[in-house]
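Visitor: My structure is below; once you've seen it, I'll send some questions.
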Amino acid sequence: MECSALLDAVRHDELDELRVPVGHLDVLSQQLVAEVTNREWHEDELYKQFKSSYPYRDITKENFSDVIRMLSEGYSTRRGRRSRYIHYDSVNRLLRPARGAKITAVTNGGAIPDHFDYDV
């Protein structure tokens, strides 16, 4: 019975089907922090790098810049401003890691860490 089900799945191209999620900004922000902790990046160079990957091939410069702005300014929670992971030099358009960014990138393996500020 099990073998018949497997053969049927193969015939219908359903076995080992891979669906790659596209354009998820939460994953993009996690990857941006990880990338910036390894070296300094120019914003346009990093945008070009991410745009070359399948999930972000259609990302607009505006969406990319919005994620960078959120990572450099942080966001408001009921406990105050949080999560400034990137220093953004707007004159030279350079991205550098903020204090604590590397440890955050290494210890948060999931796309959306839950810090009890909101339900995930």
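Visitor: Just to verify a result, which residue in region 28-74, among those that are acidic (Asp, Glu) and exposed (fewer than 15 other Cβ atoms within 10 Å of the Cβ), is nearest to the chain's Cα centre (by Cα)?
Guide: It comes out as Asp66.
Visitor: Further question on the same structure: Please specify each residue of region 75-92 satisfying the condition of being modelled with pLDDT of 85 or more and buried (at least 16 other Cβ atoms within 10 Å of the Cβ).
Guide: Residues satisfying the conditions are Arg84, Tyr85, Ile86, His87, Tyr88.
The values are calculated or read from the model by the stated rules, or taken from the named source; none is laboratory data. Remember, predicted model here, so these are calculated numbers, not experimental data. No Cβ is skipped: glycine too gets one built from the backbone with ideal geometry, and neighbour counts run over all protein chains shown.
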